[in-house]
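Student: Sending over a structure as structure tokens; questions will come in a sec.
The values are calculated or read from the model by the stated rules, or taken from the named source; none is laboratory data. In this text, all values refer to a predicted model and were calculated from it rather than measured experimentally. Note that each Cβ is placed from the backbone with ideal geometry, even for glycine, and that neighbours are counted across all protein chains shown. SASA here: full protein model, heavy atoms, side chains in, ligands and nucleic acids out. Shrake-Rupley method; radii C 1.70, N 1.55, O 1.52, S 1.80 Å.
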Amino acid sequence: MDDIVFVTADSVRYDYMDAMEFLSSFDVQKGVTAAHYTRPSLASIQASSLSSVLTGRVERPTLAETLSEAGYTCLGLSPNPNTDGEFGFDAGFDRYDSFLETGNRGSSLRQYLARFDLLRRIYYKFYPPQAKSEDRPSDREVVEQAIEWFNDAESPRFLWIHLMETHRPYGAGEEAVSKKLDQKAFFKPDKLTAAERDEIEGKYRDSLRRADENVEHLLSEVDSDPALVFTADHGEGFNDNGYYFHQPQLRRVDDCLLDVPVVFDGIDVADGPLSLLDLAPTIAASADASVPDRWLGNNLLETTTDSAVTIAPWHEQATVAWQDFENKLISRDADVTFEGSSRSTDATDEQEVPEDLKEQMRDLGYVK
């Protein structure tokens, strides 16, 4: 059985893939995400599940559990509080690290005030993503740890690594968008000058280039020639429809957020658009693992995908989009219930999150 390296990068738009020279040297397909921000999207990928979008948890069985049962050593690294084990992301992994630091907690007053829209806006002004981005390990540090884990593990090996520096503010220190410019784009995008718009997109493209270099470095340093799968959790907005960044509270399902790149190398699939729900079944099938019946995606080794569903939940409300890759049907403020063979799930089912974890997600703009 072949080793498998699965890389996801935060906020990578399909139409900006030209900034990633190494990954663009492979065939790049268009994938449609099942959710509009990190946690529900990555949860749905790892479980090939729409109910994972609604609960914000990785439903079981997971991709790692399935590969583990097939004999794989499973390794996971993701420096994002949205992918903490609290949400089921560690299920099936022999080693897993979300790099969660619990010592940097906000006050209960700040947590309470950030629940309200107006006060949330004030919160973002004083505690933007730049405030905590330097507390996370760099993507290169995460990659180096992944290389060490991989080379020390017993084959066959499955490695999942999530890269975070492509998320707003697109790096740390001088590499990142400044707090002042970030706030202007977030609150007053119509006031940005042409030079400021170019600066934001330039910082974003630079972050994509660094991510591309990190993927190339990862593959050059592991001690085998693994199959590679690369994608993003969602895209990013650059004033495409009057807003910047992905702002999950807007519940947008625009192409700039839904269309992401997908690369397969060492796994032979037909060209064509696909749903990110297809990734887990395809990876599992390529490893000769059993594909769970409850997974919703297609095994692209055997078939193609002709439609995709995206759910954009934000607390009690959701937007739903169905598309056949040419046309899109959108329902806003939808009452969403997913009915499967074993249980029913609706958009209010998300479980309570520990306060220290909420605080770290809030610093990324993810908590109401």
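Student: Taking Gly76, is it under 26 Å from Phe187 (Cα atoms), modelled with pLDDT of 90 or more and buried (at least 22 other Cβ atoms within 10 Å of the Cβ)? Give the derivation first.
Tutor: On the way: under 26 Å from Phe187 (Cα atoms): no; modelled with pLDDT of 90 or more: yes; buried (at least 22 other Cβ atoms within 10 Å of the Cβ): yes.
In short, no.
Student: Of Ala70, Ala35, which residue is open to solvent by less than 10 Å² (accessible area, probe 1.4 Å) and either under 21 Å from Asp212 (Cβ atoms) or in contact (Cβ under 8 Å) with a residue 40 or more places away in the chain (or both)? I'd like the intermediate steps shown before the answer.
Tutor: Details: Ala70 fails: open to solvent by less than 10 Å² (accessible area, probe 1.4 Å).
Of Ala70, Ala35, the one residue that is open to solvent by less than 10 Å² (accessible area, probe 1.4 Å) and either under 21 Å from Asp212 (Cβ atoms) or in contact (Cβ under 8 Å) with a residue 40 or more places away in the chain (or both) is Ala35.
Student: Since Ser178 meets every condition but one in (1) at pLDDT 90 or above; (2) open to solvent by less than 20 Å² (accessible area, probe 1.4 Å), which condition does it not meet?
Tutor: Status for Ser178: all satisfied but (2).
Student: Residues of the range 207-234 being within 19 Å of Ser24 (Cα to Cα), open to solvent by 50 Å² or more (accessible area, probe 1.4 Å) and in a loop (DSSP other than H, G, I, E, B), which ones?
Tutor: Scanning the range 207-234 gives a single hit, Asp225.
Student: (1) modelled with pLDDT of 60 or more; (2) in contact with an Asp or Glu (Cβ under 7 Å, 6 or more places away or on another chain): which one isn't true of Leu357, the others all being true?
Tutor: If we test Leu357 against (1) modelled with pLDDT of 60 or more; (2) in contact with an Asp or Glu (Cβ under 7 Å, 6 or more places away or on another chain), just (1) comes out false.
Student: Select the strands (runs of 3 or more DSSP E) contained entirely in the range 254-337, then report the ones holding at least 1 residues which are surrounded by 21 or more Cβ atoms within 10 Å (Cβ to Cβ). Before the answer, list the steps.
Tutor: Values: elements: 259-265, 308-314, 317-323, 328-334.
The strands (runs of 3 or more DSSP E) meeting that bar are 259-265, 308-314, 317-323.
Student: Restricting the range 190-206 to residues that are in contact (Cβ under 8 Å) with a residue 24 or more places away in the chain and open to solvent by 20 Å² or more (accessible area, probe 1.4 Å), which is nearest to Ala19 (Cα to Cα)? Walk me through how you get there before you give the answer.
Tutor: The first filter runs over the range 190-206 and keeps only residues in contact (Cβ under 8 Å) with a residue 24 or more places away in the chain, leaving 190, 192, 197, 200-201, 203-206.
Filter again for open to solvent by 20 Å² or more (accessible area, probe 1.4 Å), leaving 190, 197, 201, 203, 205-206.
Working: Asp190: 26, Arg197: 17, Glu201: 11, Lys203: 11, Arg205: 6, Asp206: 8 Å.
The selected residue is Arg205.
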